[in-house]
Every structure is written in C-alpha cells, then in structure tokens.
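Colleague: Pasting a structure below so you can have a look.
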Amino acid sequence: MSDRIHGSEKKVISIAILVSAAHLFILAAAALFYGLTVPDCLEGVKPFTEGSLSQKTDRHYELHMVARMWNFDPAEVVLPVGARVDIFVSSLDVTHGFHITGTNLNLAAVPGAVNYGRVVFGKPGVYPIVCNEYCGIAHHGMYGTIRIVENLTAGYLPAKKDKVPEVASNEPPLVTQGRKLYHEKGCIACHSLDGSQVVGPTFKGIYGRLSYFTDGTSIKADEAYIQESILFPQKKIVKGFESVLMPSFPVTPEEVQGLVEFIKSVK
Amino acid sequence: MHIQPAIRKIVLIELILPIVLLIFGIYHGLLQTLYRAGYIKVASMLGINYYQGLTAHGVINAIVLTTFFAVAFGHVVVTSCLKKNLHVGLAASGFVLLLIGTLLAAAMIFTGHASVLYTFYPPLKAHPLFYVGLALFVVGSWLSFYSWIPTYRLWRRENPTRKVPLAVIGIFSTFIVWQIATVPVAVEVLFMLLPWSLGWVAEINIVLARTLFWFFGHPLVYFWLLPTYVMYYTMLPKLAGGKLFSDFAGRFAFLLFCVLSAPLGFHHQFSDPGIGVNWKALHTVLTSFVAIPSMMTAFTLAASMEHGAKSVGGTGLFRWWGKLPYMDAQRWLFPYLFCGLVIFIFGGVTGIINASFSMNSLIHNTAWIPAHFHLTVGGPVFLGILGMSLYLVTGLLGSDIRNKKLALWVPYLWTLGVCTFSTGLFMGGLKGEPRRTNMGLSYVNPESTGFRSEWISGASIGVLGGVIMTLSVCLFFFVFFRMLAEKKDLTKLDSFALIESEAYHDENIGFVRNLKPWIVAAVIAVLCSYAIPLYNIATSKDIVGAVPFAPDSPMAQGTKK
Ligand SMILES: [Cu+2]
Ligand SMILES: [Cu+2]
C-alpha cells in the first residue's frame, strides 16, 4: 500500500482541471465580449395579460408576448429586416416555452413572472415560434410566427385572429358579448374561427353544418344543438374528437345565448 | 453470499417488479417515436393519451426502475461486502412504502389523473394521490438506505484500521447524493404541491417550485449513475481480466460526486425568469467541475482494462483493445458495462454542451435533450441495471441463464439502437424540434398549419432507433423470464458472490478515508449555492402566485364552481 497518489492519476486530474477552466474561460469571454448570456431576474416588471408591439426607435421594437393554453398572443408578428426586438414573455395559465426557432431566443413563459430576451433579426424569412414546454393536452398545437420582411417601413401585428375587435357598428350586442366570452372562457384554446383544427371542431361554418357523432348518428347543427353542446358537452361526442373531452363550463343562460349567437355568426 | 433470507426476498422483488413494469415503460417509449414521426397521427392509442403514456414512460423508467434497483443493489453490496446483517425492519418498511408509492402513482397515471409528466411542473395539477404516492416512494427509499447505517457503523467499529470496501463507499455516496437531493423535492411536494392540489392554499410560487424541483433533478441523474459507477470500478476491471488501476481514484470520484452533484441545478433553469444571472453563472462553474471526476473515471477505467488486456497478451498503444472479452459468453456481463461506457462518452460531451450557459439556449427543451439523456440514463445506467439485475436475480434464485449468447447480444443491439435514436433526435433538436410533443398531430402532419418538413427525417431516424432498442429489450425479457422459469438450486447461493476486482494501485490516502468531512462539505456547498437564491425567489415582489390547471382544460381549477 502506498501513501502517494499515482503520478498518472495526478496528471489526469490536472488535465481535467485545465480543460474545465479553459471551457469556462470561453463561456465567460462569450458572455462579456459578445453579450451571449442567459435571462436575468427582472425587477419591478409585473406580469401582463395582453400581447402588444411597440416601436421605440427606427429599428428598435418592444414585443409583449402572452402565452396561454394553447396559443400565443400575438400569434403572428411582422417586422422589417434588421429589427432589434426586446421581447417580454409571460403566461396566463401554466408554464409554456417560447422558442423562436432559428434564433438563440428560448425562454420559459412562467405564470406569475416575466421573462426577457433580445433578438436582432438580420435576415428576411419566416421564424416559427414553438412552445417547447409541455402545457397540457393540446401542447403540440401551440405555435406562432415571426415574419421578417424586406422594405417594410414599420413592424405590425396582422389582424390578431384572437383579438377582441371594437364593436363593429352593425354587430348585434349579443354577438359581441359572445365573442368576448369565447376568449374569456377559453373556448379559443380548442375551437378556431378560421377552419383550422386545434383540439375541437372549428366554429367556422358550424351553424347548419352536419355534425357526426361517435354513436353513428348525426345532426344538423341548430341553436338547440349548439346550446346543448355548451351545457352538456359529453352528451353527443363529435366523431374524431373522442380523445380529448370538452370540459363543462360554468355559464349563465345569458352567456350561453351570447355564445350561441357568436358561434352562429362565424361563417 | 452472506444475505439474510428476508433481505434476499426483498431484493428479489425489488429487482423483478420494475423489470415487469418496464414492459409498459418500453412500450410507451416505442410509441413516442411513432407519434413523433407521424407514423401514428392520433391523440391516443389503446385508450392511453400521448402525454399520459409519456408520463408513464418517464416515471417507470427513470424513477421506479432506477430507485428500486439502487435500493436492491445497495442491500446486496452492503451485506455481502461487509459480511454483516442489515436492519430488516427498516429494509422491509422501506420496501412496503416504495411499493405503495409506486402503486398509487401508477394508478393515478393509468387512470389519466396525473398526465403531468415526470417533472410534474405546477401549475399543471395532478390528483393529490399522485403526490402522496411520490412522497411515500421517497420516504421508502430513505428507510431502505437507513437499514445499512447500523451495519456500516458496526463494521467500522470492528475494523478501525481497514479501508471500507470501495463498493460500499460507492453505494453510500449514491444514497448521500439521494438524501441531499430528495429534501428539496420533499419540501416541494409536501408543503407546496399537496396542499395546493387539495385546495387548501389557492396559489403557489411557480419559480420556487421549479427551483426546488431542479435542486433535486440534477443530483437525481447522479443517483441514477453512481450504482453503475460502482460496477465500473469494482467489477469491470475483473471482468476485463485485470485489476482496478487505482483504488484511490474510485474513492475520490465517489466522494467528489457527494459534494458536487447537488449545488448546480440552475443549469436546468437557464431559460427561467426570476433567477439572477450571476447565480446561473455560479452553477455553470460548479457544473464544469463535476466533469473532473468523470474524466478521471474515464482514464482509470481505460487503464484498468488495458491492464486486463495486456495480461492476456495484448500489446501496443491501441492494439490491446482487441483483446477484451467482447464475445465471451461466460463473461456476458462485460459488454453491458463496456457498451455503457462507450455510450456515455457521447452522453457526457452533450451534457457539457447543455450545461454551457448561453449555449444552452440553442437546445433548451428541444429534442436534443432526450437525445442526450438517452445516452446517459438510457445508456450506462440502463445497461448496468439490466445486466446487474440479470446477474443478481440468477444468483439469488440459484437459477441459470440458458441463453448466455443471447444475453451477450442485448447490450450491442441496444447500443446500436440508442445511438441511432439519439442521432435522429440530435438532428431535430438542432433545428428547433421540441421535446415532449405529439408532433404527429401538428408539426409533421402536412395538413397542419404548423407543418415543419425539416423535422421529419430526424424523427424517422428516431423511429428506426426506437425499433432496434425495443428489439434489444425484448431479447432481454426473453432471457430474463426464461431464467426465472429455470429449475432453481438454492445450494448454489453459497457460492454466489458479487464480482470484486482487486486494486493494482491500492493507495492509502488519508483524505478519502472518512465520509463525514465530505458530507459536511456537501451541505456547505449546497447552502452556498442555494440559500440566497431560494430566499430571493421566495420573497420576490415580482413573482405572483399561480392557481392550478388540469392538463385537459384551459379553465383555472381554483375559480371553478
Ligand atoms: Cu406547450
Ligand atoms: Cu443536470
């Protein structure tokens, strides 16, 4: 038995320490000289509930991104080439991910806190946003887009699909109320207005359409059926949607009426 | 082998039960690859939703299998290396709690009340019984560990001048790491998640919950790894026909892991808000140091194998590699350990990439991450568990392996499969493909508005790897269950022994003789790196509490009537 550490073991330990130190040195240099760092603690920034885009200077933008089950607000952002964007991210419900693929911006959207990162978009093109943190049953359907365009004077948010519009002068008040409820009650998470399929059937053109059920029957969707679908979602299950069941919602009769009128209006 | 009849029974159940559960774990693993590549474009198969199956896959393979194995392996190592009895009461109650915890968690997962994945991040909420199951499971592992402590103390008293056998140092280090790691997660589960899921408190601090989870989550990976390190240091040299190059290196590595495996969990939270960048940098530095014992291990093991190969006529700088017993059916355990080591080279390198501060943002939560950890926990750890379970169950039952040649092929096939699988996922991950996502319903579905054609090739390579991995485990199941059915001869138990390598350099170095100073150092390290950030997070005015959500509804559970 020897009381000494073997020479080669000593050498290996020294080499390992040197390699680790060199590695840390490179990371430190990248952070100090190239600004390659990770999100910090933000002080005095309260979580927000609505997405928005504002222009600070010519090429400098500030984007507020809200993640919620199961979409981003805004879902689409258009910006000019060279835009330098300060991005603030928060969540309205559970933890989501916010990864702008093709860039180094990869943030956790945590409810109750605000996260921050900056991106400079040097090249034109489409930069898809992916939610990369499991956020529930429709997590795979949670994505968005940032479009970087040449010769654009100012960035904008194309008609936010999910934005509550000002009351159109000719829109009946019940429809407006229903539209609001569609957002507030979270129907938006599972039912789209533009024909795309998220978790449940799209509301587009639903009124008067034939709905086929798992028990083999079908019904032409009328007011009574839509009302029943909202109040007793499990009564008739639309074929092809049996894997994720629609939850029951606490809604008053007036609210149901508003929702029905709104759903009818989505053509 | 010295083993009490009661401990022998407990060990056998603790080894066989998780291998039976593994049938579900592997099935859901294969399904993941098919969903992700769009070979099946559905939300559920056979009544089990994608995310539910993913939860089962993670909990069974990474928590249940690994913990049961570590406990059973530890029972055998401590009792047979020290040739002393264990505290049966503690070992038995530990086993019962592990069992009840597993059954509760499994019941909640398979009935769809806990589709929260094995990281169970709030504010996604599972059924309270799921959290109860986790808590019981953790306490069960503690009691099992405590059953060795009187044995160890007694041995030390009776042998004041002898070195504690290396395997015992290794397995104690494993459970010291586990003991430190499980305190924060127990706090998270018992004081945050459980009362909140029962509705007793309305809101919890999500940043705090995530931080406590990863305070546990990183040392967890060393808890997985260290039993395999015990096999590497104490069995691999002898299997290779040689001796352990340095006994000191083994002790030093294990003790360094005790100190360094816990104080660095922020490298899983680089993307999180609410944690200061300087603390994240400190954890990066500490993570970099934890590579030191692994590099030392790589050298020591290579040197030990070289000793083995050269003692049977191997020569040259590299030619001796050809002399190792790759295809020796009598030493079928060798490739389980050897292949794991080879896989781990890639697992280790990609792990350093993950932990490299700003570099992490390129791959955080992408498919790159599962690609990485299938080369660590799915490589050396999994192969070590399979090989050692087969070895121990055969020996403890007095049974025989009929198909040693087949047993030999399992690790090679697995290596081929897992490397293929990970290659596909690395490719996708670098292009931004997310982990934990039922991509068949969106990203790899041409009818979806989210279609991303560039992710298909990687995901398809993942399927190929998944199929090979599944074949390999099926082969293992065949060998294992056939061995169980073989005629048993209990008289063989006396001659059954753990493989124990001798040391080539058997150093006597003072500072690796005692566990105590290292445990103190570990606690100090953890306090230095976590006390202040935890205090800041818990008292931050910028973090607002969060109410619970069920995974299948966008309606807050707290406000539901
Ligand atoms: Cu998500
Ligand atoms: Cu880690």
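Colleague: Dipole of the stretch A:173-265, Cα-centred, from +1 at each Lys and Arg C-beta and -1 at each Asp and Glu C-beta, to the nearest 20 debye? List each step's numbers first, then the result.
Modeller: Details: 10 positive and 10 negative charges, 41 e Å.
That gives the stretch A:173-265 a dipole magnitude of about 200 debye.
Colleague: If you line up the long axis of helix A:7-34 against the longest principal axis of chain A, both from Cα atoms, how many degrees apart are they, to the nearest 10?
Modeller: 50 degrees
Colleague: If you don't mind, there's one more thing I want to ask. If the stretch B:394-467 were replaced by its equivalent ellipsoid, with semi-axes equal to the square roots of 5 times the Cα gyration tensor eigenvalues, what would those be, largest first, whole Å?
Modeller: Working: eigenvalues 287, 30, 19 Å².
In descending order, the three semi-axes are 38, 12, 10 Å.
Colleague: Report which residues of the stretch A:46-79 become buried by 30 Å² or more of accessible surface when going from the isolated chain to the complete set of protein chains (1.4 Å probe; DNA, RNA and ligands ignored).
Modeller: SASA drop of 30 Å² or more in the stretch A:46-79: A:Lys46, A:Met69.
Colleague: Give the B-A buried accessible area in Å², both sides summed, 1.4 Å probe, nearest 100.
Modeller: Working: alone 22170 and 16010 Å², together 32020 Å².
Buried: approximately 6200 Å² between A and B.
Colleague: At a 1.4 Å probe radius, which order do B:Phe110, B:Phe346, B:Phe421 fall into by accessible area, largest first? It would help to have the intermediate numbers written out before the result.
Modeller: Working: B:Phe110 75, B:Phe346 115, B:Phe421 15 Å².
Result of the area sort, largest leading: B:Phe346, B:Phe110, B:Phe421.
Colleague: What trypsin sites (Lys or Arg not before Pro) in the stretch B:145-243 are in a loop by DSSP, with at most 15 other Cβ atoms within 10 Å of the Cβ?
Modeller: Values: sites: B:Arg153, B:Arg156, B:Arg157, B:Arg162, B:Lys163, B:Arg210, B:Lys238, B:Lys243; in loops: B:Arg162, B:Lys163, B:Lys243.
Those that pass, being in a loop and sparsely packed, are B:Arg162.
Colleague: So if I place +1 on the C-beta of Lys and Arg and -1 on the C-beta of Asp and Glu, and nothing else carries charge, what would the dipole magnitude of chain B be about its Cα centre? I want it in debye, nearest 20. Let's see the in-between values first.
Modeller: Values: 37 positive and 21 negative charges, 145 e Å.
Computed charge dipole of chain B: roughly 700 debye.
Colleague: How many nm is it between the label spots at B:Val544 and B:Val187, if each spot is 7 Å from the Cα in line with the beta carbon?
Modeller: Computed distance between label sites B:Val544 and B:Val187 equals 2.6 nm.
Colleague: Give the angle, between 0 and 90 degrees and rounded to the nearest 10, that separates the Cα long axis of helix B:247-260 from the longest principal axis of the Cα atoms of chain B.
Modeller: So the inclination is approximately 20 degrees.
Colleague: 7 Å from Cα along Cα→Cβ at both B:Gln4 and B:Lys405: what's the point-to-point distance in nm?
Modeller: Taking the two extended label points, one gets 4.4 nm.
Colleague: Average partner chain C-beta neighbours within 10 Å, per residue of A:141-151?
Modeller: On the way: counts 8, 4, 7, 1, 2, 0, 0, 0, 0, 0, 0.
For peptide A:141-151, the averaged partner shielding equals 2.
Colleague: Also, quick follow-up: What distance in nm separates the two pseudo spin-label positions at A:Thr252 and B:Val523, each 7 Å out from Cα along the beta-carbon direction?
Modeller: Those two pseudo-labels are separated by 5.9 nm.
Colleague: Which order do A:Ser91, B:Ser460, B:Ser453 take by accessible area at a 1.4 Å probe, largest first?
Modeller: Working: A:Ser91 10, B:Ser460 35, B:Ser453 75 Å².
Ranked from most to least accessible, the order is B:Ser453, B:Ser460, A:Ser91.
Colleague: Set the bar at 28 Å for Cα to Cα. Now go through B:Lys431/B:Lys541; B:Lys404/B:Lys487; A:Lys235/B:Lys41; A:Lys235/A:Lys267 and name every pair that lies beyond it.
Modeller: B:Lys431/B:Lys541
Colleague: Hey, how many Å between the Cα centroid of the stretch A:14-84 and the Cα centroid of the stretch B:334-400?
Modeller: Their Cα centres are 32 Å away from one another.
Colleague: Let me ask something additional. Determine the share of chain A's accessible area contributed by carbon and sulfur atoms, expressed in whole percent, with a 1.4 angstrom probe. Mind dumping the intermediate values first?
Modeller: Values: 7330 of 12830 Å².
That fraction is 57 percent.
Colleague: Considering only protein heavy atoms, with the full assembly of protein chains and a 1.4 angstrom probe, order B:Leu104, A:Leu181 by accessible area, largest first. Write out the running numbers ahead of the final one.
Modeller: Values: B:Leu104 40, A:Leu181 10 Å².
Result of the area sort, largest leading: B:Leu104, A:Leu181.
Colleague: Can you tell me the relative contact order of chain A? Whole percent, Cα pairs under 8 Å, sequence separation 6 or more. All intermediate terms of the calculation are to be shown ahead of the outcome.
Modeller: Numbers: 472 pairs, mean separation 37.1, N = 267.
So the answer I get is 14 percent.
Colleague: Gap in Å between the Cα centre of the stretch B:80-104 and the Cα centre of the stretch B:136-203?
Modeller: Result: 12 Å between the Cα centres.
Colleague: Ignoring everything but the protein chains, give the 1.4 Å probe accessible area of B:Cys528 in square angstrom, nearest 10.
Modeller: Approximately 80 Å² for this residue.
Colleague: Among B:409-415, A:224-230, how do they line up by average Cβ neighbours within 10 Å per residue, starting with the highest? Spell out each step's value before the answer.
Modeller: Details: B:409-415: 22.3, A:224-230: 17.3.
Ranking the peptides B:409-415, A:224-230 by packing returns B:409-415, A:224-230.
Colleague: Sticking with this one: What's log10 of I(q)/I(0) for chain A at q = 0.08, 0.12 Å⁻¹, Debye sum over Cα points only, no solvent?
Modeller: Here log10 of I(q) over I(0) equals -0.47, -0.84.
Colleague: Pick from A:Gly144, A:Gly200, A:Gly136 the residue whose mean-square fluctuation is largest in a GNM of chain A, springs joining Cα atoms under 10 Å.
Modeller: Judging by the Gaussian network model, the answer is A:Gly136.
Colleague: Just to be sure I follow the definition: excluding the sites themselves, where is the longest run in chain B that has none of the GluC sites (Glu not before Pro) in a DSSP loop with at most 16 other Cβ atoms within 10 Å? Before the final figure, lay out each step's value.
Modeller: Working: sites that count: B:Glu203, B:Glu447, B:Glu486, B:Glu500, B:Glu502.
Longest stretch, sites excluded: B:204-446.
Colleague: I would also like to ask the following. Roughly what % of DSSP beta bridges within chain B run antiparallel, to the nearest 5?
Modeller: Values: 5 of 8 bridges.
That works out to approximately 60 percent antiparallel.
Colleague: Something else about it: Within the set B:Lys310/B:Lys405; B:Lys9/B:Lys310; A:Lys180/A:Lys239; A:Lys46/A:Lys204, which residue pairs have Cα atoms separated by over 31 Å? Let's see the in-between values first.
Modeller: Working: B:Lys310/B:Lys405 25 Å; B:Lys9/B:Lys310 41 Å; A:Lys180/A:Lys239 28 Å; A:Lys46/A:Lys204 36 Å.
Flagged as over cut-off: B:Lys9/B:Lys310; A:Lys46/A:Lys204.
Colleague: Sticking with this one: Roughly how many percent of the accessible protein surface of the stretch B:419-558 is carbon and sulfur, given a 1.4 Å probe and a whole-percent answer? Present the calculation step by step, with values, prior to reporting the outcome.
Modeller: Numbers: 4110 of 6380 Å².
The computed percentage sits at 64.
Colleague: Then there is this: Among DSSP bridges having both ends in the protein assembly as shown, what percentage is antiparallel? Round to the nearest 5. Can you show the working numbers first?
Modeller: Working: 35 of 52 bridges.
If we restrict to bridges inside the protein assembly as shown, about 65 percent are antiparallel.
Colleague: Next up: With unit charges on the beta carbons (Lys and Arg positive, Asp and Glu negative) and the dipole taken about the Cα centre of the stretch B:411-509, which residue among B:Met483, B:Pro411, B:Leu471 sits farthest to the positive side?
Modeller: Value: B:Leu471.
Colleague: Could you work out the mean projected area of the convex hull around the alpha carbons of the stretch A:173-265, in square nanometres to one decimal? Don't skip to the answer; put the middle values down first.
Modeller: Values: hull surface 21.5 nm².
It is 5.4 nm².
Colleague: Quick one: how many Å² of B:Val164 are accessible to a 1.4 Å probe, rounded to 10?
Modeller: Approximately 10 Å² of B:Val164 is accessible to the 1.4 Å probe.
Colleague: For the stretch A:40-149, just say rounded, prolate or oblate: build the C-alpha gyration tensor, square-root its eigenvalues into a ≥ b ≥ c, call rounded for a/c under 1.5, and beyond that prolate if a/b exceeds b/c, oblate if not.
Modeller: Details: a/c = 1.92, a/b = 1.28, b/c = 1.50.
In terms of gyration-tensor shape, oblate.
Colleague: In vacuum, with every alpha carbon of the protein assembly as shown counted as one equal point scatterer, what does the Debye formula give for log10 I(q)/I(0) at q = 0.07, 0.11 Å⁻¹? Two decimals, please.
Modeller: -0.56, -1.28
Colleague: Which residue fluctuates the most in chain A, going by a Gaussian network model with Cα springs under 10 Å, if the choices are A:Val251, A:Val120, A:Val19?
Modeller: Comparing A:Val251, A:Val120, A:Val19 in a Gaussian network model of chain A, the most mobile one is A:Val19.
The values are calculated or read from the model by the stated rules, or taken from the named source; none is laboratory data. All values reported here derive from a predicted model rather than from experimental measurement. Cβ sites come from the backbone with ideal geometry, for glycine too, and all protein chains shown count toward neighbours. To get the accessible areas, we keep the full protein, side chains included, count just its heavy atoms, and leave off ligands, DNA and RNA. Shrake-Rupley method; radii C 1.70, N 1.55, O 1.52, S 1.80 Å.
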